[in-house]
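Chemist: What follows is a structure written as structure tokens; I'll ask about it next.
The values are calculated or read from the model by the stated rules, or taken from the named source; none is laboratory data. Just so it is clear, the model here is predicted, and its values are computed rather than measured. Don't worry about glycine lacking a Cβ; one is built from the backbone with ideal geometry, like all the others, and counts go over all protein chains shown. These area figures cover heavy atoms from the full protein model, side chains too; ligands, DNA and RNA do not enter into them. Shrake-Rupley method; radii C 1.70, N 1.55, O 1.52, S 1.80 Å.
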Amino acid sequence: MTGHTEEEAAHPFGKKCRGEKRVSFPPDEEMVSGFAESRDTLRDGDSLTLTEIISAYKQSCGKHKVEPNPKIQEQLKDPHRTTTEQVGTCLRSPCVCFDLSPTGVPLDYHSCESLEEILKSVQFNLINLQGAQLEENGASSLMDMILYYESATHLDISSNVSMGVSGWQALSRLLRQSGCLWRLDACNIPMLEYPAQALSKALLSSRLTVLHLENTCLSGKPLFTLVGALKKNAALLELYLSDNELNSYQDAMQLGELLKYNHTLKTLSLSNNAISDAGLEEVCDGLRVHQSGLRTLVLSNNQITHRGMTHLEGVLPCLRTLETLDLSRNNLGNQGIHTLKESLMMNRSIAQLCLDSVGITCEGAVVLAEILAESRVLHTLDVRQNHVLTGGLMALALALRINRSVLQIDLDQNPKEEKCSISCWCIMTSE
């Protein structure tokens, strides 16, 4: 005996509530509305033929009520375009490029959904979406598919300005979770507010090794957000930030902080900005901390003058891994080369020095010749678009009799104000 009445036993959780809800289930055949195969079983390159992939794509287009894209079909038909390996008519991935660049019609949701039959069958080295007019829902769908099927190792989304919040959220997931994506090109897209936040969040754990962000309006808060993530990033090796109007104050300070805290970065390209002499000081402060790591530094066309060389002079002897230094298209003049002379002689790592269009004359060429005579590692020197006449060329030629490391000197085809014609030199020497 428990002491409960029959009514209480029938309703052990209390009195029956008014309007009691009941749960019912549909018949078994209606329970499952769809299914997805495991991605590990989807891509079987040895059993899929080009014809079967194209046919599946056409069927998918019919399902989503879009017209098959002739450009896409041609890419799949032409093995020379994709450089795929074929066995009979079977397709083996990966293919070189899946080009979805402008066709005149925006890539909306349905157009992107129709591509699933291709993305699940073939892996591409590059999926090119540059200027493809991706819409928000289409971008979100496409990024999710690329992630799920691991369809690309290199993704180019440049010049897509209408991806919206959902598109950037999906891209962020792709960057965080993909196991094979190693390069992203996101140029010509304003990185304002949410795009900068989404990208920075992804970079905290992304496996990307190459990132191109040219012409993305990074100056100011977007760069601050990006650098905050990259300080903790241990995967990125190459960062390209050209044409971003980066200034000599807050932006240069952030770049200096990046170099101080990120010790895995190997290439930093800052061409076509406004770093100037004051900003170069901040960058050099970062280089003093990042003495072993960075291999390529591109500072071309940054409004730097001979005054900025005093900052570079102090840090060059300390750099042990820097192999390429590009100072081209800055007004350094002969004085700037004089300033760098001793530090370049002391440096033991720089193998490629780019000084085209820096305003030097024969005087500067003579200084460079003295550097060449002492150098044991420099193998490429670019002094094109300067006012170097016969006297400077003779000095360089004499230095090469002593030097045993230089492989190439790039000169103007026709020296200015000289009647003689001297071809561009590519001088090959051996030990």
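Chemist: Going through the range 382-410 one residue at a time, which ones are open to solvent by 10 Å² or more (accessible area, probe 1.4 Å) and in a helix (DSSP H, G or I)?
Modeler: Those that are open to solvent by 10 Å² or more (accessible area, probe 1.4 Å) and in a helix (DSSP H, G or I): THR390, GLY391, LEU393, MET394, ALA395, ALA397, LEU398, LEU400, ARG401, ILE402.
Chemist: Taking the range 370-381 only, how many residues are within 36 Å of the chain's Cα centre (by Cα) and in a helix (DSSP H, G or I)?
Modeler: Residues that pass the stated criteria total 2.
Chemist: Test PRO106 against the criterion of being modelled with pLDDT under 90, under 26 Å from the mean Cα position of the chain (by Cα), under 24 Å from SER158 (Cα atoms) and surrounded by fewer than 18 Cβ atoms within 10 Å (Cβ to Cβ), and give yes or no.
Modeler: yes
Chemist: So which residues in the range 57-96 are within 25 Å of the chain's Cα centre (by Cα), farther than 19 Å from GLU116 by Cβ and modelled with pLDDT of 80 or more?
Modeler: Within the range 57-96, just VAL96 meets the criteria.
Chemist: Counting only residues that are in a helix (DSSP H, G or I) and either under 16 Å from LEU181 (Cα atoms) or among the hydrophobic types (A, V, I, L, M, F, W, C) (or both), how many does the range 200-241 have?
Modeler: 8
Chemist: Additional query: Residues being assigned to a loop (DSSP other than H, G, I, E, B) and surrounded by fewer than 19 Cβ atoms within 10 Å (Cβ to Cβ): count how many of those fall in the range 277-294.
Modeler: Qualifying residue count for the region: 3.
Chemist: While we're on this one: Of all residues in the range 211-226, count the ones that are open to solvent by less than 10 Å² (accessible area, probe 1.4 Å) and either touching a residue at least 40 places away in the same chain (Cβ under 8 Å) or among the polar types (S, T, N, Q) (or both).
Modeler: Here the count works out to 1.
Chemist: If you don't mind, another one. Among the residues that make up the range 254-276, is at least one of them under 24 Å from SER101 (Cβ atoms) and either open to solvent by less than 50 Å² (accessible area, probe 1.4 Å) or in contact (Cβ under 8 Å) with a residue 60 or more places away in the chain (or both)?
Modeler: For the range 254-276, residues under 24 Å from SER101 (Cβ atoms) and either open to solvent by less than 50 Å² (accessible area, probe 1.4 Å) or in contact (Cβ under 8 Å) with a residue 60 or more places away in the chain (or both): present.
Chemist: Regarding the range 177-185, can at least one residue be identified that is open to solvent by less than 60 Å² (accessible area, probe 1.4 Å), over 18 Å from the mean Cα position of the chain (by Cα) and not hydroxyl-bearing (Ser, Thr, Tyr)?
Modeler: No, because not a single residue in the range 177-185 is open to solvent by less than 60 Å² (accessible area, probe 1.4 Å), over 18 Å from the mean Cα position of the chain (by Cα) and not hydroxyl-bearing (Ser, Thr, Tyr).
Chemist: Condition check: surrounded by fewer than 18 Cβ atoms within 10 Å (Cβ to Cβ) and in contact (Cβ under 8 Å) with a residue 24 or more places away in the chain. Does SER162 satisfy that?
Modeler: Yes.
Chemist: Hey, another quick one. Would you pick out the residues in the range 297-346 that are closer than 18 Å to THR361 by Cβ and assigned to a strand (DSSP E or B)?
Modeler: If the condition is that a residue be closer than 18 Å to THR361 by Cβ and assigned to a strand (DSSP E or B), then THR305, ASN331 are the ones that fit.
Chemist: Now for a separate question. What are the residues in the range 145-169 that are part of a helix (DSSP H, G or I) and more than 16 Å from LEU100 (Cβ to Cβ), if any?
Modeler: Within the range 145-169, LEU147, TYR148, GLY164, VAL165, SER166, TRP168, GLN169 meet the criteria.
Chemist: Next question. Just name the residue that is farthest from the chain's Cα centre (by Cα) out of those in the range 116-144 that are more than 18 Å from SER162 (Cβ to Cβ) and not in a strand (DSSP E or B).
Modeler: Filtering first and then ranking leaves GLU117.
So that you can scan it fast, the table gives a plain yes or no per residue for (1) at positive phi; (2) modelled with pLDDT of 95 or more; (3) aromatic (Phe, Trp, Tyr):
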| site | (1), (2), (3) |
| --- | --- |
| LEU211 | no, yes, no |
| GLU214 | no, yes, no |
| THR225 | no, yes, no |
| ASP243 | yes, yes, no |
| LEU258 | no, yes, no |
| CYS284 | no, yes, no |
| VAL289 | no, no, no |
